[in-house]
Every structure is written in structure tokens, then in C-alpha cells.
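Here the structure comes first, spelled out in C-alpha cells, and everything after it is commentary.
The values are calculated or read from the model by the stated rules, or taken from the named source; none is laboratory data. Fair warning: this is a prediction, and the values are worked out from it, not measured in the lab. Neighbour counts run over all protein chains shown; Cβ positions are idealised from the backbone, glycine included.
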Amino acid sequence: MASSRAGSIAIANAPVSYGAFELTVGIDPNVPSGASVLEQVAAAGYAGIDLGPVGYLGSGSALGEALAARGLGLAGAYLELPYADPGALERALPALDAMLDAFDAAVPFLPGPRPRPTLADAGSPARRERPGRAARDPSCGLSAQQWGSFARGLARAVDRCRERGYEPTFHPETGTHVEAPWEIERVLEISDVGLCLETGHIMLGGGDPLAVIRTWPDRINHVHLKDAVREVMRQIEADGAPVTEIWTREAFCALGRGDLDVPAVLDGLRGIGFTGWLVVEQDIWPRTAGRFARAAADQRANRAYLAKRGL
């Protein structure tokens, strides 16, 4: 567990890299069980894992025991919330509480840094239907009034996390109201929340992860390391295809096979003294049992790729 010592970068994996996320768990019969994913993640040499849908990896103390038995820490959990809509946010906040409850139940058993509540925007049907548009067309973004509501809603979620003893991070996500560089900057200007360096979604949203490291070094408190193929995203935009095509067309690829300069990102993180969880993600939405099965090999290759580069 050397990679999860305090003061270092701890390498984690995520259920979504195995095709297990909100749109597949409990829906697709080919989704691997939480226990099998834990076994694969531990065998590949990761120090931790993201939570995935609450309950997928286990519930209550059983979650902590399952992680501890495999020497795994808990990196965090991803949650989209409708910050700009006060009524919808009120109805959604119990999902945040459920995530934090899962953290509370597991943390006493676990090594490594504390998990990060990984907050994202819930987006809208219009944004999900036209991902990537905001980088070229700011008119599709939130109005000044909506940004005011967003700031207040995000502050509520951030305060809720901090009151429970967890420092959150904000996750840019293609197909939401925070995908383009200017939208990420706006979130950082109107809040004090830390930033998840989500390299894949930053790229697909029209940004440059290396520029983010240079511009916002003091705000980065979490990393989702994804490689991505920009040409796949360009074709999705050209086709007017929805955000789900990012996963089904596999815009996110194995590390070193896309357009991300992974070694430069790692050097940049070392240069700013980043410590904490770095979650390797390769979001996929498999359509066949064979693709689910290949996911474990991809994640072993991703871990080996980083090991060759000193992580």
C-alpha cells in the first residue's frame, strides 16, 4: 500500500471503467458484480476505488470490510446535482446524504486519503443532446440569474459535505452546464470548492488539462485521469449525437492511446505538489458481454502504464 501513504499520489480505479455505472447497474445483466470488480482492481495493483452507484460495492460496514480485505481505500464518489434549480436541488440532496453515509460506514476500515465527494452539475436535456457545444456557443450556457442560483446551490452542497467532514471536489462533465473552459472558470470564480482535474472531460469540452494545471494549481484537489480521442468527439458533434455516444463510441480510451499527453500531465501534477487520489477512469458503456470482459484487461494495462512512469 505504499502508493496510498500520506503525502503521495494514490492511484485508484473506478467501477465505470468496467462498464458499471448508473445507466447499467441493475439494468444490464452483463454488468460485473461489485465483488468481482473489487477483485480485479486489487489484482491490478490499484490502491483504491471509487464508490460507483451507492450500494454497488456493498453497504454499511460490509463495504468497509470488503475494501479492507483487499487492501483498497475509497477514493470518492461521483454525484450530479441541479445546483441552479433550488426545488430540484432540495429533492436531490438525500442522494448526497446517502453517499456521505456510505463514506462514514466505510472510512473507519480503510487506508489511504479520505474519499472526495465528487460533485458535478446535473445538466439539462438540451445540453445532453448537444455535448461540446458550449466551447463555441456561450449562448447555450446559464444566464447571470441562473449562475447566481448555481452559486447558492453549490454552496449548499459543499457546506453539507464539509459539515460531515469531507472536502468536496467539482467535476466538469461533458453534456452539463459545466463542460467548456469558460464554465469551469465560472464555477471556480463563484465558489471556493476544489477542482477535480478531469482530463478526459476537460479535453472533450474544448479545454486543455495542462493549461488548467498552470492556471488553477491551488484549486486542484482531486484527479480523474482519462485519455480521450478528440476526433471521436468531433464526429459526435458533427452528427448532432447525444452525450451517451461519448461512452458507446468509446471517446475515452486506454492511457497512452489517445490525445492526452499523459506524461506531461503527471509531470505537471508533480510540479504543483499534488497529493491525494488520482482515479484512473476509462468510461465505457459496453453493448456486449465480450466488451465487459475486456474491461479488466484494459485496467491492468492502465495500471502498468502508470507504474512504468513511477506511479
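Somewhere in the range 104-121, is a residue in contact with a His (Cβ under 6 Å, 6 or more places away or on another chain), surrounded by fewer than 24 Cβ atoms within 10 Å (Cβ to Cβ) and either in a helix (DSSP H, G or I) or free of Cβ contacts under 8 Å to residues at least 60 places away in the same chain (or both)? Yes. Quick check: is even one residue across the range 293-301 in contact with a strand residue (DSSP E or B) (Cβ under 7 Å, 6 or more places away or on another chain) and in a helix (DSSP H, G or I)? Yes, the range 293-301 has at least one match.
The rows are residues; the columns are (1) closer than 27 Å to GLU167 by Cβ; (2) in contact with a Ser or Thr (Cβ under 9 Å, 6 or more places away or on another chain); (3) surrounded by 14 or more Cβ atoms within 10 Å (Cβ to Cβ); (4) small (Gly, Ala, Ser).
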{"residue": "GLU250", "(1), (2), (3), (4)": "no, no, yes, no"}
{"residue": "CYS253", "(1), (2), (3), (4)": "no, no, yes, no"}
{"residue": "ARG257", "(1), (2), (3), (4)": "no, no, yes, no"}
{"residue": "LEU266", "(1), (2), (3), (4)": "yes, no, yes, no"}
{"residue": "GLY271", "(1), (2), (3), (4)": "yes, no, no, yes"}
{"residue": "TRP277", "(1), (2), (3), (4)": "yes, yes, yes, no"}
{"residue": "TRP285", "(1), (2), (3), (4)": "no, yes, yes, no"}
{"residue": "ALA289", "(1), (2), (3), (4)": "no, no, no, yes"}
{"residue": "ASN302", "(1), (2), (3), (4)": "yes, yes, yes, no"}
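Given the criterion over 22 Å from GLU185 (Cβ atoms), at pLDDT 95 or above and not aliphatic (A, V, I, L, M), identify the matching residue among PRO115, PRO82, PRO111, PRO131.
Values: PRO82 fails: over 22 Å from GLU185 (Cβ atoms); PRO111 fails: at pLDDT 95 or above; PRO131 fails: over 22 Å from GLU185 (Cβ atoms).
Checking each option against the conditions leaves just PRO115.
Looking at the range 65-78, which of the residues that are crowded, with 21+ Cβ neighbours inside 10 Å and not aliphatic (A, V, I, L, M) is farthest from LEU96 (Cα to Cα)?
Of the range 65-78, the ones crowded, with 21+ Cβ neighbours inside 10 Å are 67, 72-78.
Right, trim to not aliphatic (A, V, I, L, M) and you get 73, 76, 78.
Details: GLY73: 20, GLY76: 12, TYR78: 10 Å.
Among those that are crowded, with 21+ Cβ neighbours inside 10 Å and not aliphatic (A, V, I, L, M), it is GLY73.
Restricting attention to the range 238-247, the residues that are over 16 Å from GLU281 (Cβ atoms) and out of contact with any helix residue (DSSP H, G or I) (no Cβ under 7 Å at 6 or more places or on another chain) total 5. If only residues of the range 122-142 that are part of a loop (DSSP other than H, G, I, E, B) and among the small types (Gly, Ala, Ser) are counted, the one that is farthest from the chain's Cα centre (by Cα) is GLY141. Take ASP227 and tell me if it is touching a helix residue (DSSP H, G or I) at 6+ places or on another chain (Cβ under 6 Å), under 21 Å from ALA135 (Cα atoms) and not hydrophobic (A, V, I, L, M, F, W, C). Taking the combined requirement at face value, the residue does not satisfy it. Restrict the check to the range 52-62 and report whether at least one residue is surrounded by 22 or more Cβ atoms within 10 Å (Cβ to Cβ) and closer than 18 Å to LEU278 by Cβ. The answer is no; no qualifying residue exists. Of LEU79, LEU89, LEU119, all but one fail to be within 27 Å of GLY200 (Cα to Cα) and in contact with an Asp or Glu (Cβ under 9 Å, 6 or more places away or on another chain); the exception is LEU119. For the range 170-181, the condition holds for no residue, the condition being that it is touching a Pro at 6+ places or on another chain (Cβ under 6 Å) and surrounded by fewer than 23 Cβ atoms within 10 Å (Cβ to Cβ). When GLY141 is tested against (1) small (Gly, Ala, Ser); (2) in contact with a helix residue (DSSP H, G or I) (Cβ under 6 Å, 6 or more places away or on another chain); (3) surrounded by 22 or more Cβ atoms within 10 Å (Cβ to Cβ), only condition (3) is not met.
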